[in-house]
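Q: Supplied in structure tokens, the structure appears directly below.
The values are calculated or read from the model by the stated rules, or taken from the named source; none is laboratory data. Keep in mind it's a predicted model, so treat the numbers as computed, not measured. Don't worry about glycine lacking a Cβ; one is built from the backbone with ideal geometry, like all the others, and counts go over all protein chains shown. Ligands, DNA and RNA are stripped out before the accessible areas are found, and what is left, the full protein with its side chains, is counted by its heavy atoms. Shrake-Rupley method; radii C 1.70, N 1.55, O 1.52, S 1.80 Å.
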Amino acid sequence: MDATTSGTPTIQYHNITDQPIPNIANRQTRHCFGDATPGEFPLSANPSIVLHVLTGCNLDPQDLAKLEATCSFFRQPAHFAPDHELCLSELAALDMCQKRAIFKPMASEERHQLKLRCGGSWKLVLRFLLAGETCSRREKSQAIAGPGHSIAVTAKGSVFTFGSNNSGQLGHGTTEEESTPRIIRSLQGIRIIHAAAGAGRTMLISDSGQVYAFGKDSFGEAEYGVQGSKQVNTPKLVESLKDIFVVQAAIGNFFTAVLSREGKVYTFSWGNESKLGHQTDPTDLEPHPLLGPLENIPVVQIAAGYCYLLALACQPSGMSVYSVGCGLGGKLGHGTKNDEKQPRLIEQFQTLNLQPMVVAAGAWHAAVVGTDGRVCTWGWGRYGCLGHGNEDCDSVPKVVESLSNVKAIHVATGDYTTFVVSSDGDVYSFGCGESSSLGHNTANADEQGNRHANVLSPKMVESLKQIKERVVQISLTNSIYWNAHTFALTETGKLYAFGAGDKGQLGMELVANQTERPTPERVELDLS
């Protein structure tokens with residue numbers, strides 16, 4: 001890479017072959033190009049080589065900080081757009097932030113406020129954005145196994161729904177069940193990046209941060225509570241959220257929560273100020289900011305259980321989990337069974353020296369995957385859903401020791417059921433075996449006792465390994481009033497379903513008198 005001796009060299013470094021990177025941190029003599037003085041790096045020439053190293057070598061914000069601390073030339077001011085005051089690592093982080101979909105449309109002041117909220121550094125903003133993408137599959141294909149109905153979102157943002165439709169929750173303008181995936185045509189031209197399902201209702205989020213809801217218009221107790229004054233059977237824009245750029249939604253049995261792109265949490269329709277710190281009516285659809293410690297801490301993921309909410313927060317010191325709501329069974333993770341009306345930090349992860357990466361809220365129990373691949377569970381351990389070999393309750397997070405040889409990357413929870421996905425794409429499940437939703441049911445159809453056996457410790461789902469596809473996401477029904485079904489999504493966009501299918505929620509026709517599928521079967525739908 002020769003440089004001219006006059007003027008600024010115009011060298012392009014975009015396509016650089018992978019080569020061993022020398023130890024520049026300890027080198028005392030650094031060479032320069034062109035007219036640059038010894039010891040200085042000519043950023044005005046072209047930043048591409050630096051950005052290639054920073055973006056192509058799997059460096060995270062901590063690595064950038066170490067480079068900045070050890071390499072004096074990383075602290076030299078940059079002499080090119082967008083900001084002459086930024087050091088190189090900050091500039092590289094900002095450049096990568098600008099490639100994220102939710103960051104691109106933000107105005108300058110909004111970006112500045114996000115930077116302050118994340119801790120005053122673009123490196124921390126980048127970590128916040130990447131963490132949100134990792135834990136929620138935002139802008140990627142996804143499948144949602146709701147209570148009696150199902151949602152499938154393609155990588156391009158099209159939405160298919162199928163299953164129970166008594167409240168219009170499929171969004172097709174009718175209340176008729178659908179056993180075959182059917183695209184929601186009224187959303188043509190709108191790209192959906194996230195979906196959430198509750199009992200009799202559905203919420204979809206577009207890439208512009210708008211929220212569409214349909215089904216029941218109230219948030220009473222599951223199917224047997226308040227039904228609301230009307231039903232909406234086609235996607236309708238939620239007017240009360242139009243001024244909030246939403247990136248995720250989570251539906252509990254008594255409330256709904258949404259997460260803004262700035263990491264703020266809003267809730268509505270809880271109905272009791274002792275639960276979430278504000279008073280609402282059962283049919284209240286006005287969002288209220290979640291009060292307490294999370295007001296000034298950015299959240300990257302929310303997860304709703306039967307009557308509680310978990311929030312994965314991103315702080316300068318690392319990732320943490322907060323919980324709020326009903327504490328029955330110890331599912332809030334604080335060592336007690338007390339309710340919490342404001343979010344409270346789960347301190348046990350600091351004791352375990354575990355950095356949470358993904359959080360899941362089941363009906364009565366919860367789970368977390370750490371960046372090191374460890375899995376923690378806590379809450380009501382009925383049917384063995386905590387994976388500790390018993391049915392005991394644990395009121396603080398506890399590592400699932402039988403998964404010590406597995407590096408987990410994803411976890412999903414339901415009604416006393418838990419699934420774990422490893423970095424190799426293997427799937428493990430444990431807990432309640434009703435409706436064949438664990439995937440271990442290889443017995444004959446007449447052997448109902450074996451097919452519905454509970455599993456107290458993690459067990460590999462061999463039936464998914466046989467499909468010879470790497471699984472990247474598991475979704476299962478998270479409701480105490482519906483028989484569960486399960487989806488497994490592969491990295492190539494293939495969708496497999498098993499468990500209860502009496503309402504068509506598996507996306508396939510069942511034979512006469514059959515109500516469930518004991519083993520995974522391919523859904524005729526390509527989500528890639």
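Q: Kindly provide the set of residues from region 339-363 that are assigned to a loop (DSSP other than H, G, I, E, B), buried (at least 20 other Cβ atoms within 10 Å of the Cβ) and modelled with pLDDT under 95, ordered by number. Before you say what the answer is, go through the steps one by one.
A: To start, the set of residues in region 339-363 that are assigned to a loop (DSSP other than H, G, I, E, B) comprises 339, 346-347, 352-355, 362-363.
Right, trim to buried (at least 20 other Cβ atoms within 10 Å of the Cβ) and you get 346, 354, 362-363.
If the condition is that a residue be assigned to a loop (DSSP other than H, G, I, E, B), buried (at least 20 other Cβ atoms within 10 Å of the Cβ) and modelled with pLDDT under 95, then 363 is the only one that fits.
Q: Which numbered condition trips up residue 463, out of (1) open to solvent by less than 20 Å² (accessible area, probe 1.4 Å); (2) within 21 Å of the chain's Cα centre (by Cα)?
A: So the condition that residue 463 fails would be (2).
Q: When the residues of region 379-418 are filtered to those that are of a type in the set (D, E, K, R), assigned to a loop (DSSP other than H, G, I, E, B) and touching a residue at least 40 places away in the same chain (Cβ under 8 Å), which remaining residue is most open to solvent (accessible area, probe 1.4 Å)?
A: Our first condition is that a residue be of a type in the set (D, E, K, R); within region 379-418, this holds for 382, 391-392, 394, 398, 401, 407, 415.
Next, only the ones that are assigned to a loop (DSSP other than H, G, I, E, B) stay: 391-392, 407, 415.
Those still in the list that are touching a residue at least 40 places away in the same chain (Cβ under 8 Å) too: 391, 415.
Details: 391: 101, 415: 38 Å².
Ranking the qualifying residues of region 379-418, first place goes to 391.
Q: Within the set of pairs 6 or more residues apart or between chains, which connect a residue that is more than 14 Å from residue 90 (Cβ to Cβ) and assigned to a helix (DSSP H, G or I) inside region 109-134 to a residue that is modelled with pLDDT of 95 or more and of a type in the set (S, T, N, Q) with Cβ atoms less than 8 Å apart?
A: 131/301; 132/248; 132/301
Q: Also: Could you count how many residues in region 484-521 are closer than 26 Å to residue 424 by Cα, touching a His at 6+ places or on another chain (Cβ under 9 Å) and either part of a loop (DSSP other than H, G, I, E, B) or open to solvent by less than 10 Å² (accessible area, probe 1.4 Å) (or both)?
A: Qualifying residue count for the region: 4.
Q: For region 149-167, how many residues meet the condition of being more than 13 Å from residue 507 (Cβ to Cβ) and assigned to a loop (DSSP other than H, G, I, E, B)?
A: If we filter region 149-167 for residues that are more than 13 Å from residue 507 (Cβ to Cβ), which is where we start, we get 153-159, 165-167.
With assigned to a loop (DSSP other than H, G, I, E, B) added as a condition, the list becomes 154-158, 165-167.
So the answer is 8.
Q: Considering only residues that are outside any strand (DSSP E or B) and among the polar types (S, T, N, Q), look in region 181-213 and name the one that is most open to solvent (accessible area, probe 1.4 Å).
A: By that ranking, first place goes to 188.
Q: What tally of residues in region 445-498 results from selecting those that are aliphatic (A, V, I, L, M), more than 26 Å from residue 164 (Cβ to Cβ) and at pLDDT 90 or above?
A: Selection size over region 445-498: 5.
Q: Right, something else. Quickly run through region 85-108 and pick out the residues that are farther than 21 Å from residue 209 by Cα, touching a helix residue (DSSP H, G or I) at 6+ places or on another chain (Cβ under 7 Å) and without any contact (Cβ under 8 Å) to a residue 40 or more places away in the chain.
A: Those that are farther than 21 Å from residue 209 by Cα, touching a helix residue (DSSP H, G or I) at 6+ places or on another chain (Cβ under 7 Å) and without any contact (Cβ under 8 Å) to a residue 40 or more places away in the chain: 86, 87, 89, 90, 93, 94.
Q: Tell me whether region 145-159 contains one or more residues that are polar (S, T, N, Q), within 15 Å of the chain's Cα centre (by Cα) and under 30 Å from residue 312 (Cα atoms). Reasoning before the result, please.
A: Within region 145-159, the first condition is being polar (S, T, N, Q), and the residues that meet it are 150, 154, 158.
Now drop any that are not within 15 Å of the chain's Cα centre (by Cα), which leaves none.
No, region 145-159 contains no residue that is polar (S, T, N, Q), within 15 Å of the chain's Cα centre (by Cα) and under 30 Å from residue 312 (Cα atoms).
Q: Pull up region 223-238, narrow it to residues that are buried (at least 18 other Cβ atoms within 10 Å of the Cβ) and within 25 Å of the chain's Cα centre (by Cα), then point me to the one that is modelled with the lowest pLDDT.
A: 238
Q: Same structure, new question: Does residue 376 meet the test of being open to solvent by less than 30 Å² (accessible area, probe 1.4 Å), under 24 Å from residue 144 (Cα atoms) and touching a Lys or Arg at 6+ places or on another chain (Cβ under 7 Å)?
A: yes
Q: Can you name the residue in region 129-159 that is of a type in the set (A, V, I, L, M, F, W, C) and open to solvent by less than 10 Å² (accessible area, probe 1.4 Å) and, of all such residues, is nearest to residue 184 (Cα to Cα)?
A: 159
Q: State whether one or more residues within region 88-95 are within 29 Å of residue 243 (Cβ to Cβ) and either open to solvent by less than 50 Å² (accessible area, probe 1.4 Å) or of a type in the set (Asp, Glu) (or both).
A: There is at least one residue in region 88-95 that is within 29 Å of residue 243 (Cβ to Cβ) and either open to solvent by less than 50 Å² (accessible area, probe 1.4 Å) or of a type in the set (Asp, Glu) (or both).
Q: Scan region 214-221 and tell me whether some residue there is under 23 Å from the mean Cα position of the chain (by Cα), crowded, with 19+ Cβ neighbours inside 10 Å and modelled with pLDDT under 90.
A: yes
Q: Looking for something open to solvent by 10 Å² or more (accessible area, probe 1.4 Å), at pLDDT below 95 and of a type in the set (Phe, Trp, Tyr) - is there at least one such residue anywhere in region 304-327?
A: yes
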